Ligand code: NAD
Ligand code: SIN
């Protein structure tokens, strides 16, 4: 047992919709977990690839068998509607076959043409002990998107879920164990930011796969900046724009905006935070948007009729979002729809919409909740400039226009996800997923996760030593 272990500290996760304690457990002994992971790694890495693939496929079957229980748990612990939690479980299952394919396509063995005799090839090796730090908004799907490809590649995993979604994290890890993945190969770590910091500072880890806030990502980046040997993949937030230009289908445009801004109560990294709209479309579009958002049901995850969105993750987050909304409105924003909190004791928030066109010095921060800021612009050039007016660069959508407009948008927008007549969110696991600017560190996840889970080894090979020095020798 390591010296820095603190016995008495416990973590509790709460059910956002009721405020009741949901899960509790003792903080993990980080030193011991890292020790066990390092000890387990050689045997796991030495297994044939087919064995590791077989085990993650069995894991997918375990998730299938427990799907409804898992979805219930995610819905209770995050507050997201049950229908949405079910789609998260589906994504966990789908990730397995996508990762098997990605490993073969992106990091499989390749034979190269060799001008020399013999062969030249590229193969990949795992890094070793990988720390996975997960966020609360997709507490199963997103960390699983690191864990499965990392396991296939031959790494072992220390998974610390968000301190707000520990039950989901534990359930996920138990399913790996049930499938036959050894306990020390995927470990569930209980802790918060301090334990995350201890994990990444431990000299015996080889990499950190982080999905979370800009603040967390920057801190990790700083800690490891003097240690280039560690692989670090950072998936962070966004201040994502959705741009609406001329379209005969304004009601559909409004639906795309509402879906982008308010799905998962705005707690998606790819959620639209800013609606950029041409001046002459402003009044009719906002009219459609207000009518629609008025109808969105905000309720607890299991309510009947099913809600569009549930609460945000906790009271502190709800209060911070309320303060941000007040900040916008007291600094030049014009409220189009108030964000309300019907019960101060619970973190349910209704969608808020605020016109910030005339606000000087708009803060370029991610408001991770159901707040949409609206900016009016005179033309398409101004719309593109406004969309790019952020240090982040995760997702962006254009709604309306024709193919030429979209080509211009695509060519000029700085983001890792650029869509046309589609929401900013709902990214496909079969594509790379990551952003530029402050949204990431150029190590996209999803299909390209294979790239950061293994490193390439180039080899030239002959079955016998055959060599002579052809030039520069004295006569013997
Ligand atoms: P967070 O940064 O607070 O925490 C994420 C995880 O990292 C947690 O496990 C936390 O304990 C740990 N952590 C935080 N700071 C750390 C530090 N300095 N050192 C070590 N570990 C640390 O994020 P969150 O609030 O749980 O999630 C919401 C954020 O995640 C939003 O900003 C959202 O945009 C982002 N997100 C990004 C993506 C993406 O793929 N780009 C996807 C989902 C969520
Ligand atoms: C997220 O990872 O937060 C959202 C994924 C998406 O819906 O694009």
Answer from 349, 367 - the residue that is in contact (Cβ under 8 Å) with a residue 24 or more places away in the chain, closer than 18 Å to residue 240 by Cβ and either touching a helix residue (DSSP H, G or I) at 6+ places or on another chain (Cβ under 7 Å) or part of a loop (DSSP other than H, G, I, E, B) (or both):
367
Could you say which residue among 382, 415, 387 is away from ligand 1 (no atom under 16 Å from the Cβ) and surrounded by 22 or more Cβ atoms within 10 Å (Cβ to Cβ)?
387
Would you check which residues across region 281-307 are assigned to a loop (DSSP other than H, G, I, E, B) and out of contact with any strand residue (DSSP E or B) (no Cβ under 9 Å at 6 or more places or on another chain) and list them?
300, 301, 302, 303, 304, 305, 306
Every residue in region 136-180 that is in a loop (DSSP other than H, G, I, E, B) and farther than 21 Å from residue 34 by Cα, please.
136, 137, 138, 139, 140, 164, 165, 179
Considering only region 308-344, how many residues are assigned to a loop (DSSP other than H, G, I, E, B), under 21 Å from residue 137 (Cα atoms) and touching a strand residue (DSSP E or B) at 6+ places or on another chain (Cβ under 6 Å)?
1
Hey, residue 396 assigned to a strand (DSSP E or B) and touching a helix residue (DSSP H, G or I) at 6+ places or on another chain (Cβ under 9 Å) or not
yes
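Condition check ((1) more than 15 Å from ligand 2 (Cβ to nearest atom); (2) farther than 27 Å from residue 130 by Cβ) across all residues:
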| residue | (1), (2) |
| --- | --- |
| 410 | yes, yes |
| 414 | yes, yes |
| 418 | no, yes |
| 422 | no, yes |
| 437 | yes, no |
| 442 | yes, no |
| 446 | no, no |
| 452 | yes, no |
| 464 | yes, yes |
Since residue 67 meets every condition but one in (1) touching a strand residue (DSSP E or B) at 6+ places or on another chain (Cβ under 8 Å); (2) touching a residue at least 24 places away in the same chain (Cβ under 8 Å), which condition does it not meet?
(1)
Output the residues belonging to region 144-168 that are touching a helix residue (DSSP H, G or I) at 6+ places or on another chain (Cβ under 7 Å), within 19 Å of residue 13 (Cα to Cα) and crowded, with 24+ Cβ neighbours inside 10 Å.
159, 160, 161, 165, 168
Report whether or not residue 78 is at pLDDT 95 or above, out of contact with any helix residue (DSSP H, G or I) (no Cβ under 8 Å at 6 or more places or on another chain) and within 16 Å of ligand 2 (Cβ to nearest atom).
no
Only one of 378, 399, 365 is under 18 Å from the mean Cα position of the chain (by Cα), more than 16 Å from ligand 2 (Cβ to nearest atom) and assigned by TED's automatic domain parsing to the domain that holds residue 317, namely 365
With region 1-115 as the region, which helices (runs of 4 or more DSSP H) entirely inside it contain at least 2 residues that are more than 21 Å from residue 161 (Cα to Cα)?
30-46, 49-65, 82-107
Name the residue, out of 135, 81, that is within 30 Å of residue 314 (Cβ to Cβ) and within 16 Å of ligand 1 (Cβ to nearest atom).
135
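The values are calculated or read from the model by the stated rules, or taken from the named source; none is laboratory data. Given the structure is predicted, the values throughout are model-derived calculations rather than measurements. A quick note on method: Cβ atoms are made from the backbone with ideal geometry, for glycine too, and the neighbour counts reach across all protein chains shown.
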